Amino acid sequence: MTTHGYRALLRQREFAGLYAGFTLLAGAGTLSGFALGTLVQARTGSPFLTAVSMYGSSFAAVLGALTLMSVADGARPRRTLVALHLLALAATAAQAVPGLPLAARFGLLLLVGFFQSLGTGTRMGLLAEILPPGGYAPARSLMNVTAGGASVLGFALGGVLLAVLTPYQVLGAAGALTALATAVVAVTVRERSVRPPRRPGLRETWRGNAELLGRPGRRALLLNLWVPNGLVVGCEALLLPYAPSAAGTLLAAGAAGMLAGDLLVGRLLDAVRRARLAFGLRLLLAGPFLLLAAGPPVWAAAAAVGAAGVGFAATLPLQERLLALTPAAARGQVQGVESAGRLAWQGVGAALAGALAQLVAARWAIGALAGVSLLVTVLSRPAVRRSGTGAGAGVEVGAGPEAATAGGA
């Protein structure tokens, strides 16, 4: 880890630019999501619409994965990434317009979500090309830590700003962060010329997706990367209706737990220990949310949500194993599909949570979703363990072959 520590990674100009752009974009997304959720909650009072406004863009991500994802491995990834940043900037600026109807706001969410998975696939494909093989796992860990940190700051700052500013003004601040992210990426990341000789398009996307989903080991990994996480995000989507006055605190606690988990698992543990802890972390992801069904005081609820946030670190060893089963020429597309499915299930989780909270109290809906998440994790464990023993499981992807073959997941 010394060769590819965080400071060593950040001394590389292109990675530093890619990382800074990602950080700013993550902060902007958190700010805009919180502001939009607050706006929709105040205007409609609907838990369903509030949850969808915060996480509904995830629904469209899967459509992008089904139609566009081969572009992530195209010949001009830098140009693609900058164009997607500009699209996000335009959508955020439009959301800041006070008179925009709710239907138009949800339409913008779906538009951005449609391209979101392509942005992730392109960014991760660039990451694999910018860094030497051994740098991928710590770089991915650093970006996960940053996402958690940006969420902590975004939710905390959003709560403070909304006390003195309107949601529209907070959306304007998110637009400014998006503009800065676009500029940073444009001036620091160079175009990559080493790309496979393939023509991106709908047919190529479908061919790659069919090959990805045709392997049982990959399907098991994707199931565990998508469903338990998505259901827990559904729990988080109900924190505004669950505790309107303390939602910022609870969301920030969850993001802080995510940051701590990614720092511990990605930076301090090696690949073997990460793989061995994956199952326990997936249990931790949902288990503490069961406490919220009892209606504990805010401090106890915040502690539970923070502990659950640590469980999101299970994503890293599962991603390492998935990448070990992936040919180098398709890494951008596979990572984009993985991200799209995760985002889509976040949208599914938020929608299920909102719909259930229309029928029962938010705390009972949170407990039910957490229970189902645990059930999926336990029942799918044998298939996840078998995924590390198939052909290709020992491919070097930066974390070492032991990341793919360790049996603890």
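The values are calculated or read from the model by the stated rules, or taken from the named source; none is laboratory data. It should be emphasised that the depicted structure is a prediction, and the values quoted were computed from it without experimental measurement. No Cβ is skipped: glycine too gets one built from the backbone with ideal geometry, and neighbour counts run over all protein chains shown. These area figures cover heavy atoms from the full protein model, side chains too; ligands, DNA and RNA do not enter into them. Shrake-Rupley method; radii C 1.70, N 1.55, O 1.52, S 1.80 Å.
In terms of the mean number of neighbouring beta-carbon atoms within 10 Å, the peptides 340-353, 166-179 order highest first as 340-353, 166-179. Note on Ser46 and Leu359: their simple-model spin labels are 1.8 nm apart, each label 7 Å out from Cα toward Cβ. Ligands, DNA and RNA are left out, and with a 1.4 angstrom probe the accessible area of region 214-314 is 33 Å² per residue. Peptides 79-86, 6-13 ordered by packing proxy, namely the average of other Cβ atoms within 10 Å per residue, highest first: 79-86, 6-13.
Note that region 111-125 has calculated 3J(HN,Hα) couplings of 4, 5, x, 4, 9, 5, 5, 4, x, 5, x, 5, 5, 6, x Hz, one per residue in order, obtained from phi through the Karplus relation 6.51 cos²θ - 1.76 cosθ + 1.60 (θ = phi - 60°); glycine and proline are x.
Under 5 Å between amide hydrogens, built in the peptide plane, is the criterion, and for Leu131 it picks out nothing among residues at least 5 positions away or on other chains.
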